[in-house]
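These notes concern the structure reproduced below.
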Amino acid sequence: MAVSAEWRQQWIEAVSKIRSDLGYEKSAEQLRALQKTGLLKLTDLKNDPAKFFEAHRLLAHHAPKLGPGFWIRFTVHYNLFAGSVLAVGNDQQVARLNDFQQEGLLGCFGLTEKLAGVNSGGVVNTIAEWDDASREFVLTTSDAGAHKNWISQGLVGELAVVVADLRVAGKRCGAHAFLMELRKGGQPVPNVELGDMGRKTVGNDLDNAWIAFHGTRIPHSALLNRYGDVQPGNGGTYVSKAKGLTNMGMIGQRLFSGRVAVAWAALTFTRKLYEMTREYSDRKKCWAPKGTSNLTSVPQLNHLYARAEANLAQLERFVGECEAQLNDCLRKDQIPPASLQEAIACAKIAASEMSIDLCFRLKQDVGSHALMGDTGFEQMDFLQACKFAEGDSRILMQKLARDRVKAKATIGSSEEQQLTAELQAAMKSGSQAWDANFDKVYDLAWQVVTRNVGTLCPGVSLRIPCGLSKL
Ligand SMILES: Cc1cc2nc3c(=O)[nH]c(=O)nc-3n(C[C@H](O)[C@H](O)[C@H](O)COP(=O)(O)OP(=O)(O)OC[C@H]3O[C@@H](n4cnc5c(N)ncnc54)[C@H](O)[C@@H]3O)c2cc1C
């Protein structure tokens, strides 16, 4: 389903007014107003995913000017918060999204903890204990290491999807998501303690909170229970509703849409930064042996522009292909096949790492211009956020390499096969060989990335980006 030109124009106008210099409360007001326009529904991730991704892309056009704050606020609300409700909520819980939208309420997503989070594979230390007598869950943070941290929109949001380890009748049932009120009448609900994470290098129009739960009581209906529920009585019984599907596994589905959105954001930021810089370098005069020329025609910059264009065009086609396939799964409520999951991981790695590489190189070759405010270079940490959000490059690469070494099939270039064979042989001496050969692990992962990109979208070869180059 293509996005209409009329909708596109309306969205472009709506996001053109966003500012990043207003402080986080006013920044949040901008998101409340944007969602109240109804141009993008909290349910569009499932019903109209093409619109969901186009909205993210068009917002990312402003990233070199705005930085990452508002973009993160937006994607946390639409993808992580609303997306988790869509993924694991029952019909009534999903229906509440329309009310939240009309009332302009904002939600956050509380997974990461000081000592756990995406990188711990979804294992969390915040506990949700079922209290059968009151038919409530009691949220507790055992120690400071279990404080939720980096929670975007945590200082303003009225609502939160919180991931906690569910305990029923003394038994651990694993990480589950709970939809709860975080704030009422502007004040945190009882027994929730919140603090500010402090200043960041960029994106200070976004509030990031740490959160501690001190016996916070939430109702039975807070559990997002499409795949698993607690049956009250006799201390409570955990009931799994769909064989083979876990709540946490289904929340993990949001990472796929998040990865595609982040891949687009990185590429869009990079294209825009190159466009802005090109405007400057075309005008900037430079000495040349045969009279004056301009900065654009200096050989290293000229070649960099050509290379960036080729890399960006290829990656845009690749991410577009991943998006099209994912949209099909989202509309049909299907889990993406393993091949698409791998391609999406590759898209996220390639788009963020090539963007970091290309923007870093550009910065090295435009002289003092790169130090000026409002050139976009001051917002380059936008790409840093792309690198670790929704699955850090290194961690995704570890998984790609492990999967490749386990695979029996003979696939990929001779270099990929050679690296695979070397790692398989090394592993015979014990699991420590994996870390000892980390260079080969990342080389192999990059081979998998470039194979995935090249298979779907043949084109120029992607050289290993500077952020992943060898020590
Ligand atoms: C601006 C911002 C907004 C955020 N918003 C939210 C939010 O709304 N909700 C939420 O839940 N979280 C949020 N986060 C948290 C974010 O998801 C984490 O920061 C991210 O998962 C990385 O975790 P970390 O910073 O603890 O990195 P660490 O775990 O400390 O990792 C540091 C580095 O070590 C490497 N590394 C780590 N583990 C491995 C491994 N096993 N193998 C190889 N290399 C490894 C990686 O390169 C990684 O970059 C936000 C973070 C930021 C900065």
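Each value in this text was obtained by applying a stated rule to the coordinates, not by laboratory testing. Fair warning: this is a prediction, and the values are worked out from it, not measured in the lab. Methodologically, a virtual Cβ is constructed for each residue, glycine included, from the backbone with ideal geometry; neighbour enumeration extends over all protein chains shown.
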I'd like the trypsin sites (Lys or Arg not before Pro) in segment 382-453 restricted to DSSP loop residues with at most 16 other Cβ atoms within 10 Å, sorted by number. LYS408, LYS428
Please list, in order along segment 167-183, the HN-Hα scalar couplings obtained from phi with the Karplus expression 6.51 cos²θ - 1.76 cosθ + 1.60 (θ = phi - 60°), rounded to whole Hz, x for Gly and Pro. 10, 10, 6, x, 9, 7, 10, x, 5, 9, 9, 10, 9, 9, 7, 9, 9
Mean separation of Cα contacts under 8 Å (6+ apart) over length of the chain, as relative contact order %: 15
Give the Cα extents of the chain along the principal axes, in whole Å, largest first. 88, 58, 43
May I ask you to sort TRP434, TRP446 by Cβ crowding, counting other Cβ atoms within 10 Å and putting the fewest first? TRP434, TRP446
Could you list which residues have their amide H under 5 Å from that of GLY228, counting only those 5 or more apart in sequence or on another chain, with H placed in the peptide plane? LYS241
Starting from the Kirkwood radius over alpha-carbon pairs of segment 5-103, derive D by Stokes-Einstein at 25 °C in a medium of 0.890 mPa s and give it in µm² s⁻¹. 177
Given a Förster distance of 25 Å, the FRET efficiency implied by the Cβ-Cβ spacing of GLU29 and GLN9, rounded to the nearest 0.05, works out to 0.60
Using amide H atoms built 1.01 Å from N in the peptide plane, name the residues 5+ places from THR126, or on other chains, whose amide H lies under 5 Å from its own. ASP165
Find how much the distance from ALA310 to ILE464 grows on full extension, using 0.36 nm per residue of separation minus their present alpha carbon separation; answer in nm with one decimal. 53.9 nm
Cross-link candidates for LYS440: which aspartates and glutamates have Cα within less than 12 Å, leaving aside residues fewer than 8 places away along the same chain? GLU415, GLU416, GLU422
Where in the chain are the helices, taken as whole DSSP H runs, whose Cα atoms extend 24 angstrom or more along the long axis and whose Kyte-Doolittle mean reaches at least -0.5? 253-283, 338-364, 438-456
Let me make sure I get this right: for segment 205-251, a, b and c are the square roots of the gyration tensor eigenvalues over alpha carbons, sorted descending. Under 1.5 in a/c it's rounded, otherwise prolate if a/b > b/c, else oblate. Which is it? oblate
Note, segment 77-84: 3J(HN,Hα) by Karplus (6.51, -1.76, 1.60, θ = phi - 60°), whole Hz, Gly/Pro = x, goes 5, 7, 9, 6, 6, 5, x, 5
In the structure shown, of LYS148/LYS363; LYS171/LYS406; LYS171/LYS408; LYS17/LYS363; LYS114/LYS348; LYS243/LYS406, the pairs separated by more than 30 angstrom at the C-alpha atoms are LYS148/LYS363; LYS171/LYS406; LYS171/LYS408
Would you please give the residues with an amide H less than 5 Å from that of VAL189, counting only those at least 5 places away or on a separate chain, with H modeled from the backbone geometry? ARG183, LYS184
Give the separation of the Cα centroids, segment 127-143 to segment 443-471, in Å. 46
Three-way shape call for segment 107-244 based on the alpha-carbon gyration tensor, with the a/c threshold at 1.5: prolate
What nm value, rounded to one decimal, do you get for the distance between SER339 and ALA433 when each label is placed 7 Å out toward the C-beta? 3.1
